[in-house]
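To start, the structure itself, in structure tokens.
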Amino acid sequence: MQRFRRHIHRERRRIGLFVLFVTLAAFLIFSDEIGMEFGIRHAALAAIGTGVGAGLVALGLLMITPGWRHSLETVAISTLLYAMLIVQVPNVSFHDQTHSLAAFVAFLVAAAAIHLLMYGRWSDRILRLPTHVERATCHTGLSRKALWTAAKPDPDHPDSYWDPTVEEIHPVEGDDQALILFHRFPNGMMMEQLIRFDQVNPGKSFRYSYEILGAQERGKQTMAMVLEKRATGIALHLRWERSGYPLRMALMHWIDDWGGRTVDRQLERLEAAQATPADAGGALAEA
């Protein structure tokens, strides 16, 4: 049940945007059919019902095929644009058998084009944010000690770190606050990450800057975490600050609640490890 609640919470922005765009599209279609002068109230009620129903269907699809979640918002935007088009040009609608196939193909092409426009890598070099800040809050019933041991990398206990892609943690000679984390990913790719702690309050908070060794310099990147005691357990507050971050990644992260989703996976592994010894992990810092 807790995993389901976390999933619903992380999809709140995506579902909200989907319901909003589908509701607006339905309102345009219904108001055009029954007339704006006398039918606006009925059109609004029908549109709200359509939007909520479509949102429930979308939520079910997200549960079944989470890997396709990034296409949901582009489909919703395409639906609104299509509704705007058929209100102005009725012959483009699906109701006419002659044009239905062409309209459906055009709808799919438009959805693919909008997805490419929003999330295509083409914009990474030209559309960047000088500073991008991302925040997330996660809740768990784990103890403060367990969370601190898992979240703060320790060269003496690399196996306790909650990122399973980290195989080795080495101190940096001549710098007591710096560590090198060696990552090996499931696809065979490897990465070395240098982190340097700016602030450590044992058991409560830490903040470090990080950079990917061998990668193009992108300015300062930092990650901070604070553990807050709550009546129902511990709340983890996380904050990432990135320089020169691609706009499309910032948008994708906001809709996806990337930070919270990532940390939720870590917590699920840690919670499972309470009963069965297992690795608990997932990347908190991003290249």
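Would you confirm whether any residue within segment 115-129 is in contact with a His (Cβ under 8 Å, 6 or more places away or on another chain) and of a type in the set (D, E, K, R)? No; the residues of segment 115-129 include none that is in contact with a His (Cβ under 8 Å, 6 or more places away or on another chain) and of a type in the set (D, E, K, R). Taking segment 44-159 and the helices (runs of 4 or more DSSP H) fully enclosed by it, the elements with 2 or more residues that are loosely packed, with under 12 Cβ neighbours inside 10 Å and out of contact with any strand residue (DSSP E or B) (no Cβ under 6 Å at 6 or more places or on another chain) are at 97-119. Note on segment 182-204: residues that are open to solvent by less than 70 Å² (accessible area, probe 1.4 Å) and within 25 Å of the chain's Cα centre (by Cα) total 8. Under the condition of being open to solvent by 10 Å² or more (accessible area, probe 1.4 Å) and aromatic (Phe, Trp, Tyr), which residue from segment 233-259 is farthest from Val200 (Cα to Cα)? Checked segment 233-259; the qualifying residue farthest from Val200 (Cα to Cα) is Trp254. Scan segment 245-267 residue by residue and report those that are part of a helix (DSSP H, G or I), over 26 Å from Ser160 (Cα atoms) and of a type in the set (Phe, Trp, Tyr). Of everything in segment 245-267, just one residue is part of a helix (DSSP H, G or I), over 26 Å from Ser160 (Cα atoms) and of a type in the set (Phe, Trp, Tyr), namely Trp254. In segment 218-232, the qualifying residues are those that are touching a residue at least 60 places away in the same chain (Cβ under 8 Å) and of a type in the set (D, E, K, R), and the one that is least open to solvent (accessible area, probe 1.4 Å) is Arg230. Of the residues in segment 205-217, not one is open to solvent by less than 30 Å² (accessible area, probe 1.4 Å), of a type in the set (D, E, K, R) and in a strand (DSSP E or B). Somewhere in segment 169-181, is a residue crowded, with 18+ Cβ neighbours inside 10 Å, closer than 30 Å to Leu251 by Cα and in contact (Cβ under 8 Å) with a residue 60 or more places away in the chain? Among the residues of segment 169-181, not one is crowded, with 18+ Cβ neighbours inside 10 Å, closer than 30 Å to Leu251 by Cα and in contact (Cβ under 8 Å) with a residue 60 or more places away in the chain, which makes the answer no. What tally of residues in segment 205-220 results from selecting those that are over 17 Å from Val133 (Cα atoms) and within 22 Å of the chain's Cα centre (by Cα)? Total satisfying the criteria: 1.
The values are calculated or read from the model by the stated rules, or taken from the named source; none is laboratory data. As the structure is a prediction and not an experimental result, all values here were calculated from the model. Because the Cβ atoms are built from the backbone with ideal geometry, glycine has one as well, and the counts that use them run over all protein chains shown. Calculation scope for accessible area: heavy atoms of the full protein, side chains included, ligands and nucleic acids excluded. Shrake-Rupley method; radii C 1.70, N 1.55, O 1.52, S 1.80 Å.
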